[in-house]
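Here's the structure, in structure tokens; my notes come after.
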Amino acid sequence: FFFFFQAEDGIRDAQESRGLGDVYKRQVLALVACCLVSLSTQQEAPKFHVDIYLESLCGYSRYFLGKTFKNFVDAIEASGQVQVVNDLDINFVFYTSVQQTLNEDGTITHTCVRGEDECNGNRVLACAQELNAAQNTPFDFWQFATCFGRYITDKGFKNADGSLNLKASVNYCASASVVKNKNRVKSAEIRNCAFGQKGEEVFLKNADQRNHLPFTKKVQPPYFVNEHVYNKDEEIKQNISFLRWYCEQIQSAEGICASQYIAKYGDLLTEEKAKELAAQKEAQKQQSA
């Protein structure tokens, strides 16, 4: 299954699928502006597998991380069902609408839709996931990522000239007030990875995963529903609540899927909310023009 939030100028130069259909059973559900969530039930693995494609500065991606996915994480904490993490295999790919340029010296230049800050934000998230995976602490990463999605553009984490202070965002979101595990990955480790050679290596791994998406080149429309490609003029019909969606997939009404948690944390990205976000984006464009 896919939930896809894509930037308006589309995924550029994505390669066709290289046989993933032989491994996963997939069905496209929805695409809206710059983040993709794909559910893949591996035939040989019991875990609930999800791939989530995001851009750090995309409004819909930040809403997904900071609100929709955060509700899912909050439901796990509130229910005390942290063991559910053991049944999940959630993989984030922070490389959606990025253009690659191969230079004459063999290096690669990455051009993100929203500039270098977005590329660096993607590297931060990719490195945080990589480091937490090495420690087998995915829930720590989810806590970090939902925080980063909420606060990356917050005025409290900007430099005097208005540019983003990503290091400050990392310091806060990797702190004990956000990530409760005392053995959590430290902010210095994430920064050293993101702003060093390791960050480029991790970023390229994310690029490779993006290039394996089962889509043809230059995907332009804003979203998919059941493999039908909708044009920008058509209305958004797919509501998105990660918690509700997850509970529907596993067909459960217990644990984090109990009614009290669904009622409190089952937020939906409705058509009205999508339009509200689009209006905010348009207002930002007019202010910057």
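The values are calculated or read from the model by the stated rules, or taken from the named source; none is laboratory data. Note that this is a predicted model, so its numbers are computed, not measured. All Cβ positions, glycine included, derive from the backbone under ideal geometry; neighbour counts span all protein chains shown. Side chains are part of the model used for accessible areas, which takes the heavy atoms of the whole protein and leaves out ligands, DNA and RNA. Shrake-Rupley method; radii C 1.70, N 1.55, O 1.52, S 1.80 Å.
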Of all GluC sites (Glu not before Pro) in segment 76-122, the ones in DSSP coil with at most 16 other Cβ atoms within 10 Å are 104
Among 67/281; 70/264; 70/180; 70/198; 180/205, the pairs whose Cα-Cα distance exceeds 19 Å are 70/198; 180/205
Output for segment 153-193: trypsin sites (Lys or Arg not before Pro) sitting in coil per DSSP, at most 12 other Cβ within 10 Å, listed by number, reads 180, 182
Of every hundred units of 1.4 Å-probe accessible area on segment 113-209, the number belonging to carbon and sulfur atoms, as a percent, is 48
Correct semi-axes for segment 47-173, from √(5λ) of the alpha-carbon gyration tensor and rounded to whole Å with the largest first, are 26, 19, 12
Label model pair residue 86, residue 250: point-to-point distance (7 angstrom along the Cα→beta-carbon line) in nm is 1.2
Checking segment 44-125 for chymotrypsin sites (Phe, Trp or Tyr not before Pro) in a loop per DSSP with at most 16 other beta-carbon atoms within 10 Å yields none
Note: residue 287 to residue 158 extended length (0.36 nm per residue) minus current alpha-carbon separation gives 44.6 nm
Listed by chain and number, the residues whose amide H is under 5 Å from that of residue 90, excluding neighbours fewer than 5 places away on the same chain and using placed H, are 50
